[in-house]
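Data block below; observations after.
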Amino acid sequence: QVQLVESGGGLVQPGGSLRLSCAASGFTVSTYPMNWYRQAPGKEREWVASITTGGSTNAADSVKGRFTISRDNYKNTVYLQMNSLKAEDTAVYYCFAVVVGVRRWGQGTQVTVSP
């Protein structure tokens, strides 16, 4: 059964760091492009970062230079390292992949950036 489970969210002060994890089961993360999205209250869900099967990464302009996506093939887990967090990074963060033509979302993990 294909499943994505996010963890690592929480409350952090501005300027702080968090690392989100997305543990996958039922498929191998290294064989599909993997993505992080986020949705802030009252806003549409937006793409944050992605990693290709070859390991190339890309990130939205709003987080470039602060957020880094990575992958651990042995743990079958994708990470999002978030540094220099800002209040506007507050959102629910979701892991996403299209696996065998089916769109798969995790349940999300809340990140709150506040003094």
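The values are calculated or read from the model by the stated rules, or taken from the named source; none is laboratory data. Remember, predicted model here, so these are calculated numbers, not experimental data. Backbone-built Cβ (ideal geometry, glycine too); neighbour counts: all protein chains shown. Quick note on the areas: whole protein, heavy atoms, side chains included, nothing else; ligands and nucleic acids left out. Shrake-Rupley method; radii C 1.70, N 1.55, O 1.52, S 1.80 Å.
Here are a few things to note about the model shown:
- Pairs, first closer than 11 Å to Leu11 by Cα and in contact (Cβ under 8 Å) with a residue 24 or more places away in the chain in the range 101-115, second open to solvent by 80 Å² or more (accessible area, probe 1.4 Å) and polar (S, T, N, Q), C-beta under 9 Å, six or more apart: Val113/Gln13; Ser114/Gln13; Pro115/Gln13
- Out of Ser114, Ser17, sole residue that is touching a strand residue (DSSP E or B) at 6+ places or on another chain (Cβ under 8 Å) and open to solvent by 50 Å² or more (accessible area, probe 1.4 Å): Ser17
- Yes/no for Arg38 being crowded, with 19+ Cβ neighbours inside 10 Å, among the basic types (Lys, Arg) and at pLDDT 95 or above: yes
- Test: residue in the range 63-70 that is over 12 Å from the mean Cα position of the chain (by Cα) and either of a type in the set (S, T, N, Q) or within 16 Å of Val98 (Cα to Cα) (or both): no
- In the range 51-106, counting only strands (runs of 3 or more DSSP E) that sit wholly within it, the ones holding 2 or more residues that are surrounded by fewer than 16 Cβ atoms within 10 Å (Cβ to Cβ) span 57-59, 67-72, 102-105.
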